[in-house]
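Colleague: Sharing a structure below in structure tokens format, with a few things to ask.
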Amino acid sequence: MRVGFFACGAAIALLIGAGAVQGQDAQTLVATASRTMGADTLKTLALTGSGSVGTLGQNVTPTAPWPLVSLKRYTRTIDVEAPAATLETVRIQNDRETSQTQAVPAGAPWGRRAELWVATPYAFLKGAASNPVTLRAEEVDHVRYNVVSFRVEGKYTVEGYISDANLVDRVRTWSDNDVLGDMPVEGLYRDYKDFGGVKVPTLTILKQGGFPTFIAGVAEAKVNVPVSMPAAPPAAPAAAVTVSAEKIATGVYYLKGGSHHSVLVEFADHLTLIEAPQNEARALAVLQEIRKLYPRKPLTQVINTHHHFDHAGGLRTLVDAGATVITHEINKPFYETTFKAPRTLNPDRLQQSKRAATVTGVTDRLVLSDATRKLELHALKGNAHDEGMLVAFFPAEKFLVEVDMYTPPAADAPAPAANAPVNPNALALLTSLERLRLDFDTILPLHGAMKATRADLYAFVKKPLVPVSELPDPDAPTRGPDGRLRGTALPPPDAGANP
């Protein structure tokens, strides 16, 4: 026992010594990289250039990159030591320029602050110089890197990849996301150039969730210029999440409140929810309202209209509650992966329960029915907003549930100009509904403040109202120029006719 005790103690001493050497080696490496890049004396930096900017969670399919728009110009001003920053951009979208200013003070929540650690390599170098660090070797794209890691506030890991030239080629951290869980946030730096004694990457690619959100070239960099950073505002109390239930028909409730809505549907022995948007707080408030309406009937299904993150952020909570997720077939692999993803930075109920998810995919059409109710789900094919978009249709009640395609304007909204362009999403919705020949009277949009009618949709896209009975039936046989029905076999030739 004594021999074993001393052997164990010697092994622990060796491990502690190895860790100390590793930390010392990492600090030496960081100090060398800081001198090489001129970061030792860097306090502020102002970068100006152009590029592209993306929108997280709004891709057309779950595997497509985030949609990008052009940046005519941008200026990112950084207090490297805080860190804090402002970003001024001029975007070009739909042939229009839009100016925007974003400020991230030093005391901002980590979800906003994480990008500061990867926007440039200098916050990483400053952080690595003032925190305990670890070192490992890693090969990426056949390039060997020394990877230095440390933690911010004892919770958030930041990793920097240092090349043999003592330049930081990439920095990575993680941020909490309602859909992806612990989401990687990365910065990649290329084509370093000297500006005032500081080596600055003239190409920076920022990624969130694996896809670029910012691709920018640097035309000018100003070192240690006076900057004015915004002060962190006092922490505001969390806004209360409200859900109000409006009865639309027997067993159908419009669950409204805030910017995103849901629809609750009663069947004989269970409940189905259409949409679980935003986040867990919203989903829990919706579940609470459902229990008030139906304290003894289980919620067994949640229908997801499409995978965009503002419409999928509450799904993990519904999975934890035992609901099967019904979504478009192209979303199924994505959800089966994300529902298993770790969410350790801000653990939610699914992270704690580890409940297995059941996901049902819809290709063209799915009918949910029993003796009391029929609910149809239809895919909107070739949809430019999201290729996995579903609408819900109640044949008996003539209700349609849709989102993002048509949001009725508020009752007091000014009338659009006569020459205003038609909303392309609303026009695409109407085109699909006419093709499907869905006979609805009432629209329950999952955005906006009010219900709408079929006539409202036609007026919105500046088309005359067409009754469903007058729409062409795509399954009906049609006649060709020869007068014969298309798709029918030609009659056999006469017995005496020439071949």
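Colleague: If you scan the range 37-76, which residues turn out to be surrounded by fewer than 21 Cβ atoms within 10 Å (Cβ to Cβ), within 30 Å of residue 27 (Cα to Cα) and not acidic (Asp, Glu)?
Modeller: Those that are surrounded by fewer than 21 Cβ atoms within 10 Å (Cβ to Cβ), within 30 Å of residue 27 (Cα to Cα) and not acidic (Asp, Glu): 38, 41, 43, 44, 46.
Colleague: Determine whether the range 244-264 contains at least one residue that is touching a Ser or Thr at 6+ places or on another chain (Cβ under 6 Å) and among the polar types (S, T, N, Q).
Modeller: Taking every residue of the range 244-264 in turn, none turns out to be touching a Ser or Thr at 6+ places or on another chain (Cβ under 6 Å) and among the polar types (S, T, N, Q).
Colleague: Return the pair list, or none, for Cβ contacts closer than 7 Å from residues in the range 86-99 that are within 10 Å of residue 73 (Cβ to Cβ) to residues that are among the small types (Gly, Ala, Ser) and open to solvent by 70 Å² or more (accessible area, probe 1.4 Å), at least 6 apart or on different chains.
Modeller: 90/99
Colleague: How about the range 284-310: which of its residues are over 18 Å from residue 325 (Cα atoms) and outside any loop (DSSP other than H, G, I, E, B)?
Modeller: Within the range 284-310, 285, 288, 289, 291, 292, 293 meet the criteria.
Colleague: Let me ask something else about it. Taking residue 216 as the residue in question, decide whether it is touching a residue at least 12 places away in the same chain (Cβ under 8 Å), over 30 Å from residue 351 (Cα atoms), small (Gly, Ala, Ser) and out of contact with any helix residue (DSSP H, G or I) (no Cβ under 9 Å at 6 or more places or on another chain).
Modeller: When the stated conditions are applied, residue 216 passes them.
Colleague: Separate question: Might you let me know whether the range 279-301 holds any residue that is among the small types (Gly, Ala, Ser) and in contact with a Ser or Thr (Cβ under 8 Å, 6 or more places away or on another chain)?
Modeller: Yes, there is a match, as at least one residue in the range 279-301 is among the small types (Gly, Ala, Ser) and in contact with a Ser or Thr (Cβ under 8 Å, 6 or more places away or on another chain).
Colleague: Name every residue in the range 362-384 that is open to solvent by 10 Å² or more (accessible area, probe 1.4 Å), touching an Asp or Glu at 6+ places or on another chain (Cβ under 6 Å) and not polar (S, T, N, Q), in order of residue number.
Modeller: 367
Every residue, every condition in (1) surrounded by 18 or more Cβ atoms within 10 Å (Cβ to Cβ); (2) more than 25 Å from the chain's Cα centre (by Cα), yes or no:
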site: 133; (1), (2): yes, yes
site: 138; (1), (2): no, yes
site: 144; (1), (2): no, yes
site: 150; (1), (2): yes, yes
site: 160; (1), (2): yes, yes
site: 171; (1), (2): yes, no
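Colleague: Moving on. Within the range 284-313, which residues are touching a helix residue (DSSP H, G or I) at 6+ places or on another chain (Cβ under 7 Å) and under 18 Å from residue 445 (Cα atoms)?
Modeller: Selection gives 302, 304, 305, 307.
Colleague: Same structure, new question: Can you tell me which residue in the range 272-283 is surrounded by the fewest Cβ atoms within 10 Å (Cβ to Cβ), limited to those that are among the hydrophobic types (A, V, I, L, M, F, W, C) and not in a loop (DSSP other than H, G, I, E, B)?
Modeller: Ranking the qualifying residues of the range 272-283, first place goes to 281.
Colleague: On to the next question. Evaluate the following for residue 432: is it exposed (fewer than 14 other Cβ atoms within 10 Å of the Cβ) and hydroxyl-bearing (Ser, Thr, Tyr)?
Modeller: Answer is no for this residue.
The values are calculated or read from the model by the stated rules, or taken from the named source; none is laboratory data. These figures come from a predicted structure and were not determined experimentally. Cβ coordinates were reconstructed from backbone atoms using ideal geometry, including for glycine residues, and neighbour counts include every protein chain displayed. Accessible surface areas use protein heavy atoms only, side chains included; no ligands, DNA or RNA. Shrake-Rupley method; radii C 1.70, N 1.55, O 1.52, S 1.80 Å.
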